[in-house]
1. If you consider only alpha-carbon coordinates, what radius of gyration and Dmax does the range 113-153 have, in Å?
2. Which one of 318, 327, 306 has the biggest mean-square fluctuation once the chain is modelled by GNM with Cα springs under 10 Å?
3. Name every cysteine in the chain that ends up alone, with no second cysteine's Cβ under 4.7 Å, or say none.
4. Pairs of Cα atoms under 8 Å, at least six residues apart: use those to get the relative contact order of the chain, whole percent.
5. Which of the listed residues, 220, 176, 201, is farthest toward the dipole's positive end in the range 175-223, when Lys, Arg count +1 and Asp, Glu count -1 at the beta-carbon?
6. Tabulate in residue order the Karplus-calculated ³J(HN,Hα) for the range 297-305, using 6.51 cos²θ - 1.76 cosθ + 1.60 with θ = phi - 60°, rounded to whole Hz; enter x for Gly and Pro.
7. Per the helix-only calculation at 222 nm, which mean residue ellipticity applies to the chain, given -39500 (n - 2.57) for every DSSP H run of n ≥ 4 and division by its residues, nearest 500 deg cm²/dmol?
8. Using a cut-off of 13 Å between beta-carbons, work out the net charge of the residues near residue 224 (Lys and Arg +1, Asp and Glu -1, residue 224 not included).
Amino acid sequence: MMYHDVAIVGGGCVGLSVAKHLAERTDLDVAVLEKEHHLAAHQSGRNSGVLHPGFNYPPDSKKARFATEGTSRMKKYCAKHDIPCEELGVLVVAQDNSEEARLDKLAEQAEANGVEYKLLDSQAEIHEHEPHANGQAALYAPEAASVDSQQYVYELAKEVREAGVDLYTDYEVTRVEQTVDGYHLATSNGHFEVSYLVNAAGLHADEIAHQVGVGERYQVVPFRGEYYEVRPERADLCQTMIYPTPNPELPFLGVHYTRRTDGKVIVGPNAVLAFGREAYDNTEFDPRDLYETLTYEGFRKLLSSKLMIKVAWDELNKSYRKEKFTKASQRLVPDVRAEDLQQSYAGIRAQLVSDDGELVKDPLFVEREDAVHILNAVSPGLTSSLPFGEHIAETLVEKV
Ligand SMILES: Cc1cc2nc3c(=O)[nH]c(=O)nc-3n(C[C@H](O)[C@H](O)[C@H](O)COP(=O)(O)OP(=O)(O)OC[C@H]3O[C@@H](n4cnc5c(N)ncnc54)[C@H](O)[C@@H]3O)c2cc1C
């Protein structure tokens, strides 16, 4: 039996950031339990690696606060720890009048959130930034950056270990039970008794929470996001980052172009129902996870909306038919051809859905006397991870 004051389940960027801030503020004996042998195996290492400076989120929202603060703190963190991070800026392009009107809304949000921006109102101005991007108008936000998220996670892990946190990799938490003075955790490698629990298990956070009667109105529905890489000799099609104007009714940003810190240009992700919480390939499926999703009343209610059926069908097509993915990519960069795109990696988002069929769009954590359950570390969770982890650590410290 192992004993600690605090167990953090999940060693992604959020769990490790909580550990970092607890170690900086307290002398609590903290353990992080991570089921994988290698870190950054799930969301924190399989994403677009973009620091979103906060123009996408309504003023005064948690997302806006965490994203703006997160972007600037993350840049400083990367500079201090020698993690690749490049402030390339992002171009959000509008293809028609309705999208152009939405750009004005983004500009208002940028203004209110203190995010730098410039509105471009012609194709010629767009071409000065991105010679191959297509649009009648655009919002340019110079503070957006590209970061190596895997190196970031490994650096956080190194830092917390040096600060005295025990990081147990290959320890899958299989059962959580509440005891008189804390929690008993059964893992794939032995048992733990702890006084406080932080659930930062990402794609499995709902499963951990449900075991102690928390968050039962919600379930994680996994959405796979697939990427293509632009062949290196055609990588000049995108110099920085090119995004579509977001549709406020949808939780995902849409297929976009990102120049990564290693110089590769990736296109994606789409957003298709994954047939398992960790089914990264579109031929893979986990019968138990799939059954759980298909029989979940929240998911069935979600699919009762005509818009969602249409989106699901379009996204499914992009997953199984390369020509559909290419077409979505050509909307932003008409010069890209199917043969320029090579299949690359995929990530899976832990999309929280409520019993009444709502996609939960805001960060959600549920507090108990001796626990914090992070049920929705929603995108831009990487960008926000430093202030978000700090906030959760402070919440826990108040309980101790
Ligand atoms: C395709 C995609 C693109 C994205 N793009 C961006 C972007 O450009 N910018 C941005 O800011 N955000 C982006 N995000 C969002 C961001 O990646 C996530 O919000 C963030 O990584 C969440 O971190 P996490 O630590 O909560 O989750 P995770 O990284 O999933 O970490 C959870 C950890 O818990 C472990 N775990 C789970 N169950 C157990 C258990 N029972 N026992 C022990 N360990 C367990 C897992 O192995 C995992 O390591 C993207 C996400 C995806 C999927």
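1. So, for the range 113-153, Rg and Dmax equal 13.6, 40 Å respectively.
2. 306
3. 13, 238, each lacking another Cys Cβ under 4.7 Å.
4. Relative contact order of the chain: 24 percent.
5. The Cα lying farthest towards the positive end belongs to 220.
6. 4, x, 5, 5, 5, 4, 6, 7, 7
7. -10500 deg cm²/dmol
8. -3
The values are calculated or read from the model by the stated rules, or taken from the named source; none is laboratory data. What you see is a predicted model, and the numbers here were worked out from it, not measured in a lab. Because the Cβ atoms are built from the backbone with ideal geometry, glycine has one as well, and the counts that use them run over all protein chains shown. These area figures cover heavy atoms from the full protein model, side chains too; ligands, DNA and RNA do not enter into them. Shrake-Rupley method; radii C 1.70, N 1.55, O 1.52, S 1.80 Å.
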